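To start, the structure itself, in structure tokens.
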Amino acid sequence: MGRKTPALLALFITAVLLSGCAFPDHADKSMQLPPEKAEKMSVWTAYWDADGALEELTDFDGRLESLEYFAAYFDSQNKLFIPDEIAALRELVKQADKGTFCWPGYLTIVNDKLLAGGGSSLKDTVLLYTLLGEPGARQAHIQDLLALTESGGYDGVEIDYEAIRGDRVL
């Protein structure tokens, strides 16, 4: 599988899920539940699909309970960062919140890493051993998570470290 395949698959699934939540203009809106009775949901928005996300989010019409910003990840020096597209989307959501809607925002953290020579390492468990393997490193990682979350104005984090299922040490 190519490097772009997982990202394209995630984008496709997100698009299908988001498009399936909105009623088309010609749909029978009498079949919709009123917002106070509709099931609440959380939506995941990705850095590679941030353009137009705010307009799509408003289509949830009172059903959106929280927004997960996907994702902060690591540079080649193991420093956690938020992609510019996610920071810009977070600012748009804050500016748009004029009493019309207000969604708690959670920053998703993944164990993906940019490589010094280009490219990336997805679901990097070596990175996790570096960040979590020793008590001092683990404490520093916790502080980095807290600082990034607070500086971005997020309400919390969603830690999405993957490829660790069979690893009892991690």
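Figures for the structure shown
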{"quantity": "Under 12 Å, Cβ to Cβ, from L170 - net charge with Lys/Arg +1 and Asp/Glu -1", "calculated": "+1"}
{"quantity": "Estimated distance in nm for a label pair at F81 and S120, the labels positioned 7 Å out from Cα along Cα-to-Cβ", "calculated": "1.2 nm"}
{"quantity": "Inter-label distance for E134 and L146, nm, one decimal - labels placed 7 Å from Cα along Cα-to-Cβ", "calculated": "2.1 nm"}
{"quantity": "Residue-level accessible surface for Y47, protein heavy atoms, 1.4 Å, Å²", "calculated": "70 Å²"}
{"quantity": "Neighbourhood charge, 15 Å Cβ-Cβ cut-off, centred on N111 and excluding it, Lys, Arg +1 and Asp, Glu -1", "calculated": "-3"}
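The values are calculated or read from the model by the stated rules, or taken from the named source; none is laboratory data. What you see is a predicted model, and the numbers here were worked out from it, not measured in a lab. Using ideal geometry, Cβ is built from the backbone for each residue, glycine included, and neighbour counts are taken over all protein chains shown. These area figures cover heavy atoms from the full protein model, side chains too; ligands, DNA and RNA do not enter into them. Shrake-Rupley method; radii C 1.70, N 1.55, O 1.52, S 1.80 Å.
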